[in-house]
Structures are given as C-alpha cells and as structure tokens.
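The values are calculated or read from the model by the stated rules, or taken from the named source; none is laboratory data. Here the structure is a predicted model, which is why all the values come from computation and not from measurement. So basically every Cβ, Gly included, is an ideal-geometry build from the backbone, and we count neighbours across all protein chains shown.
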Amino acid sequence: MEDIETILDTLVYDGKVEKTITASANTSSERGADQVWLYRTLTPLIPPTGLMRMPCGVCPIFNECCDDGIVSPTKCIYMKEWLDL
C-alpha cells in the first residue's frame, strides 16, 4: 500500500493528479476512519508553455533547493527530464 501512495504522491507533485479528502459512509468508531483520500486526473484548461512547465514552479521542496545542497538543480531528475524534452 505504501508503494501505491508513493506513486500517487509523485503524480500529485507532477501536477497530473489532484488529491482531495472526503467523508466516508463508513460508520467505524475509529478516529480518522471516516475520511477517505480521493485522486483524480487533472486536465489543463490551456496547454502549458515555456516557463509554466519548468519543474521548479511546482516542486514541493523548492525552498530547500540550492547549488551545493542535497536537493539541487544539477541532481534533480525532473529538471533533467524537462531539459531532454
């Protein structure tokens, strides 16, 4: 189950899927059991162009990125993929 959640979270970070929470019809007494995560694909209203598609614009850890850090543009797989387009 953890692998599936990781894949879904990656799709959320890539801007391809939206994650929302909803109430469940389940009447379980467990706290939090009445909430369910739902995922749906996102269809852009207009095709993204130029800088709108740059990975940094949607990166969840953009603030931690720096040239000499663990997270950097030179090590970023999303940046490499974007540049290969």
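Identify the residue in the stretch 53-85 that is part of a loop (DSSP other than H, G, I, E, B) and β-branched (Val, Ile, Thr) and, among all such residues, is modelled with the lowest pLDDT.
58
Could you tell me whether any residue of the stretch 43-52 is modelled with pLDDT of 85 or more and either outside any loop (DSSP other than H, G, I, E, B) or outside the structural domain of residue 4 (by TED's automatic domain parsing) (or both)?
Within the stretch 43-52, not a single residue is modelled with pLDDT of 85 or more and either outside any loop (DSSP other than H, G, I, E, B) or outside the structural domain of residue 4 (by TED's automatic domain parsing) (or both).
Using the structure shown, decide if residue 9 is assigned to a loop (DSSP other than H, G, I, E, B) and modelled with pLDDT of 90 or more.
no
Consider only pairs whose beta carbons are under 8 Å apart and that are at least six residues apart or on different chains; among these, list those whose first residue lies in the stretch 13-32 and is within 21 Å of residue 46 (Cα to Cα) and whose second residue is at pLDDT 75 or above and among the aromatic types (Phe, Trp, Tyr).
That search, which allows pairs on different chains as well, returns 14/78; 17/39; 18/39; 19/37; 19/39.
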